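In what follows, a single structure is set out as structure tokens and then discussed.
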Amino acid sequence: MRDTVFIQTYGCQMNEHDSARMLEILKRNGFEPARSAEDATVILLNTCSVRENPENKVYSQLGRLRPLKQANPGLIIGVGGCVAQQAGQELLNREASVDLVFGPDNYVRLPELLEAVRQGERVLATEWLERPPTKVLNFIPPEWIDAGHVEGCSAYVAIMKGCDNFCTFCIVPYTRGREASREPADILREIGHLTGKGAREIWLLGQNVNAYRAGACGFRELLDAVSRAPGLKRVRFTSPHPKDWTHALSDLMAERDTICNYLHLPFQAGSNRVLELMSRRYTIEGFLDQVQYAQRVNPRIEISTDLIVGFPTETDADFERTLEVLETVRFSQIFSFKYSPRPGTRAAGMDDDVPRAVKDERLQRVIALQERITAEQSERYVGTAQDVLIDGPDARRAGAMNGRTDGHRPVSVTGPGLAVGELVPVRITGWRNHWLEGERLDGDASGT
């Protein structure tokens, strides 16, 4: 019987990228993907601890896996990612069913770690890769450069890892480590492998992607080079930090057809007082200046964001300023959360003094406002022509295919000759919930 692995992923695109690479590495070592946890000889949970709720889900899942372990003592259960890095030995002590705990810097060692478990060890691997003084580190070993995964027609490429910002609410510097950037040639070599596998859209990933720096090559220079890579139709990136965003980056996005007109720029709170408590190192006026410049030089740009309600000491007036920013910018999408303290962060030492009921009410007001804005924006798309990159079948509409505009809006498309990886012109005919609906137009989309 061959080894089979089931990987369950929690959290962000960086975790999705890490999980896909784990699977490719293990496939090269004789593993096959399992259809479910029940079918697996190895179960890996790739975890996120940015917020409390995803962390709680991990412990709940471990509880559900205990009967599988009891029925099959040879089953290997591993926990990776940020919860693993944060909890470490405590996780092994707390969960007797867990055989392996490994941090984000150690997933490329999975074959040897699993072999150690097979030899009877319970393994803890949370040591960091050494960050050189230059902060340039090719953290993906050369033998795994071509182990990247293409999903449909898209692929993720990690260009940097870690974060040096230490925002007071954020656990990322403690669970992902300090910043380190890959050499440009290393990144371009991986992109070449991925386009050879059929990738037509590349996502550049980093906890603070626009802090990328490898010698004289900053994020703008790298984005410029990637946007010219042969075979690519689209380039996206996430997530940039507002303090490191520049007009020059907005100009490049406006100039280069292959760089998508989509920018995820987290503002977190509309009050300068709260931003200072969060240690975000920008003002809301500076944030709005960057956004409005980007919208002015590139009227087609779509901007999404993250925000937190109920940060310690947030007043009604502070919260109203957040609503004002939503009305001013009119984001295409928001990811909004109630504040929850994360262990080890500076904000965890603050009095979490905003009542849960107030946090709930503020979050509902944010969601209601954004739903109205999204509906108004969707209605304005009706009748327009959009270039849509087809990424897979639409399970909800027979004969339809799913795709995305370059502004990252999801579209359900009908029409002849639709294939994954094809960039097609589409007339938007309507919308449902957050999805646009459209029909393929005759001819080719620009950029094909």
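The values are calculated or read from the model by the stated rules, or taken from the named source; none is laboratory data. Note that this is a predicted model, so its numbers are computed, not measured. We place every Cβ from the backbone using ideal geometry, glycine too, and count neighbours over all the protein chains shown. Note: accessible area is taken over every heavy atom of the protein model, side chains too, but ligands, DNA and RNA are not part of it. Shrake-Rupley method; radii C 1.70, N 1.55, O 1.52, S 1.80 Å.
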What is the Cα centroid distance between segment 140-182 and segment 199-235, reported in whole angstrom? 13
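Net charge near HIS264, counting Lys/Arg +1 and Asp/Glu -1 over other residues with Cβ under 12 Å of its Cβ? It would help to have the intermediate numbers written out before the result.
Details: positive: ARG236; negative: GLU302, ASP306.
In short, -1.
Could you sort the peptides 199-206, 304-311 by per-residue average Cβ neighbour count (10 Å cutoff), highest mean leading?
Values: 199-206: 24.5, 304-311: 21.6.
Descending mean neighbour count gives 199-206, 304-311.
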Placing one identical point scatterer on every Cα of the chain and ignoring solvent, what is log10 I(q)/I(0) from the Debye formula at q = 0.06, 0.09, 0.12, 0.14 Å⁻¹? -0.27, -0.63, -1.15, -1.50
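For a distance above 25 Å, tell me the whole-number percent of Cα pairs in segment 75-191 that qualify.
32
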In this structure, the FRET efficiency calculated for THR429 and ARG109 from their beta-carbon separation, with R0 = 51 Å, to the nearest 0.05, is 0.50
Quick calc: nm separation of the 7 Å Cα→Cβ label points for ASP316 and ARG220 -> 4.5
Per-residue ellipticity at 222 nm attributable to helices in the chain (runs of n ≥ 4 DSSP H, -39500 (n - 2.57) apiece, nearest 500 deg cm²/dmol) works out to -10500 deg cm²/dmol
Probe 1.4 Å, all chains present, heavy atoms only: THR345 accessible area in Å², nearest 10, is 10
Check the chain and count each lysine pair with an alpha-carbon distance under 26 angstrom, considering only pairs eight or more places apart or from different chains. 16
Between ASP353 and VAL297, what length comes free when the chain is fully extended (0.36 nm per residue of separation minus the Cα-Cα distance, one decimal in nm)? 16.0 nm
Leaving out ligands and nucleic acids, note down the accessible area per residue over segment 1-118 with a 1.4 angstrom probe, in whole Å². 41
Rounded to a whole %, the carbon-and-sulfur portion of the accessible area of the chain at a 1.4 Å probe is 49
Give the Rg (one decimal place) followed by the Dmax (whole number) of segment 332-400, computed from C-alpha coordinates and expressed in Å. 19.3, 54
Grab the other residues whose beta carbon is less than 11 angstrom from that of VAL382, score K and R as +1, D and E as -1, and report the net. 0
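Mean separation of Cα pairs under 8 Å and 6+ residues apart, divided by the residue count of the chain: what relative contact order is that in percent?
Numbers: 891 pairs, mean separation 44.4, N = 448.
After rounding, I find 10 percent.
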1.4 Å probe accessible area per residue over segment 200-249, in Å²: 31
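Excluding MET278 itself, what net charge comes from residues whose Cβ is under 13 Å from its Cβ, given Lys and Arg +1 and Asp and Glu -1? List each step's numbers first, then the result.
Values: positive: LYS243, ARG273, ARG280, ARG281, ARG342, ARG346; negative: GLU276, ASP306, GLU314, ASP318.
Net of charged neighbours comes to +2.
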Share, in percent, of DSSP beta bridges within the chain that are antiparallel, nearest 5: 35
Separation of segment 23-79 and segment 348-379 by C-alpha centroid, Å? 33
